[in-house]
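Colleague: Quick one: this structure, given as structure tokens, is what I'll be asking you about.
The values are calculated or read from the model by the stated rules, or taken from the named source; none is laboratory data. Source: prediction; values computed, not measured. Cβ: placed from backbone, ideal geometry, glycine included. Neighbour counts: every protein chain shown.
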Ligand SMILES: C[S@@+](CC[C@H](N)C(=O)[O-])C[C@H]1O[C@@H](n2cnc3c(N)ncnc32)[C@H](O)[C@@H]1O
């Protein structure tokens, strides 16, 4: 049975310790601008992952956050993951979020609060069963709150061994308040026990163990000079000493391979989902454009054609493939493009929209009045991305008798 209880601001004190004492150390270690990798394991409906986004984005600034931070968020419960991806929360869920963060990180859509899409993309949601699947590796922070407690001691130990491998040196493990068993672990040591924040105890590598073995060889040789006439620890002893370590290293390499493929799978799953979403939106756009009687042209800021709808092709006889990418004002169509320079310039200079009616000739040679409207194309930050031009046949309204 999966228990999904979660929340944005559970255990505020522990999160405060993470924010004020632990994360600054991680950022200091990574002050060379290296990527920062975080895993929210057992993320349920996503609140914990989005909380991590908020904490790190506040510390780094949005731009740097987007460039450097990857938050993997996994669970084995697919419906919970679907909710997490939708990033849409009701009144009850958001009531613990401080108002300034709510305002900065959520958009209100139809009575729900939706996490901002531009930051949402830094969280990659995927399925991962902690008992069976390989962990995501090279982590700076692993948040695994209120999930470990559902496993028995044996399973916890196995999972902890994998967590150890998955963390970078100095990496941090952040557990839930009720998760005590770890204090007995030999592979993690508490950094802040009340907040259940731990760091990994480094294990010696094969190279270090071999060095130690060979140093031991020399030392033992000196100590045993009396009894060992050749003054040397037999090489096979050093080699035997290294065998379990070699085995360990092979296991680590194997784990690493698994982990990489697991991470790739999670990323692929996310990519597939986003491609599906993109295809759906493109299909949606295409059918809206196809059903409009108005022709639509989109120009970028250099006034090159980005979109040329089928209706525009019908009007002027130029196919989208011929127009897209071309300089708009150099096209040869039956619309007197020079007349559009003023309105387009007006929009580039800050006017929201402009409209004119011009004499034009369609692809069949028929003269008609064409109403052309130009409008600014703005992105979510209201920055100008280009110009939208709408074209349609203009019927002079009949006068009332
Ligand atoms: C109580 S919630 C914790 C949510 C969040 N970490 C928090 O502290 O707010 C426990 C989550 O662990 C997940 N879980 C349980 N067993 C799991 C397993 N073997 N692998 C992955 N996720 C598991 C459940 O689906 C559930 O979403």
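Colleague: Between a residue in segment 367-388 that is in contact (Cβ under 8 Å) with a residue 24 or more places away in the chain and assigned by TED's automatic domain parsing to the domain that holds residue 345 and any residue that is crowded, with 20+ Cβ neighbours inside 10 Å and in a loop (DSSP other than H, G, I, E, B), which pairs come within a Cβ distance under 8 Å, given they are 6 or more apart or on different chains?
Modeller: 370/335; 372/335
Colleague: If you go through segment 1-33 one residue at a time, how many are loosely packed, with under 11 Cβ neighbours inside 10 Å and away from the ligand (no atom under 16 Å from the Cβ)?
Modeller: Result for segment 1-33: 5.
Colleague: While we're here: Being touching a helix residue (DSSP H, G or I) at 6+ places or on another chain (Cβ under 6 Å) and under 28 Å from residue 368 (Cα atoms), is that true of even one residue in segment 268-287?
Modeller: Within segment 268-287, not a single residue is touching a helix residue (DSSP H, G or I) at 6+ places or on another chain (Cβ under 6 Å) and under 28 Å from residue 368 (Cα atoms).
Colleague: Could you go through segment 153-163 and let me know if any residue there is under 30 Å from residue 272 (Cα atoms) and within 20 Å of the chain's Cα centre (by Cα). Steps first, answer last, please.
Modeller: Filtering segment 153-163 down to residues under 30 Å from residue 272 (Cα atoms) leaves 159, 162-163.
Applying the additional criterion that residues be within 20 Å of the chain's Cα centre (by Cα) yields none.
No, segment 153-163 has no match at all.
Colleague: Within segment 277-380, considering only helices (runs of 4 or more DSSP H) that don't extend past its boundaries, which have at least 2 residues that are in contact with a strand residue (DSSP E or B) (Cβ under 8 Å, 6 or more places away or on another chain) and buried (at least 17 other Cβ atoms within 10 Å of the Cβ)? Can you show your working first?
Modeller: On the way: elements: 310-316, 320-323, 341-348.
Hits in segment 277-380: 310-316, 341-348.
Colleague: How many residues does segment 43-87 contain that are within 16 Å of the ligand (Cβ to nearest atom) and touching a helix residue (DSSP H, G or I) at 6+ places or on another chain (Cβ under 8 Å)?
Modeller: Pass one, segment 43-87, residues within 16 Å of the ligand (Cβ to nearest atom): 43-55, 71-87.
Applying the additional criterion that residues be touching a helix residue (DSSP H, G or I) at 6+ places or on another chain (Cβ under 8 Å) yields 43-47, 49-51, 53-55, 71-75, 84-85, 87.
Summing the residues that are within 16 Å of the ligand (Cβ to nearest atom) and touching a helix residue (DSSP H, G or I) at 6+ places or on another chain (Cβ under 8 Å) in segment 43-87 gives 19.
Colleague: Anything in segment 88-129 that is within 16 Å of the ligand (Cβ to nearest atom), over 18 Å from the mean Cα position of the chain (by Cα) and surrounded by fewer than 16 Cβ atoms within 10 Å (Cβ to Cβ)? List them, or say none. Give the derivation first.
Modeller: First pass over segment 88-129, keeping only residues within 16 Å of the ligand (Cβ to nearest atom): 89, 92-97, 115, 123-129.
Filter once more, so that each one left must be over 18 Å from the mean Cα position of the chain (by Cα): 89, 92-97, 129.
Correct list: 92, 95, 96, 129.
Colleague: Within segment 137-170, which residues are assigned to a loop (DSSP other than H, G, I, E, B), within 12 Å of the ligand (Cβ to nearest atom) and either crowded, with 21+ Cβ neighbours inside 10 Å or in contact (Cβ under 8 Å) with a residue 24 or more places away in the chain (or both)?
Modeller: 145, 146, 147
Colleague: For segment 34-49, how many residues are buried (at least 17 other Cβ atoms within 10 Å of the Cβ) and either not in a helix (DSSP H, G or I) or not assigned by TED's automatic domain parsing to the domain that holds residue 71 (or both)? Before you say what the answer is, go through the steps one by one.
Modeller: First pass over segment 34-49, keeping only residues buried (at least 17 other Cβ atoms within 10 Å of the Cβ): 36-49.
If we keep only those that are either not in a helix (DSSP H, G or I) or not assigned by TED's automatic domain parsing to the domain that holds residue 71 (or both) as well, we get 36-46.
The total comes to 11.
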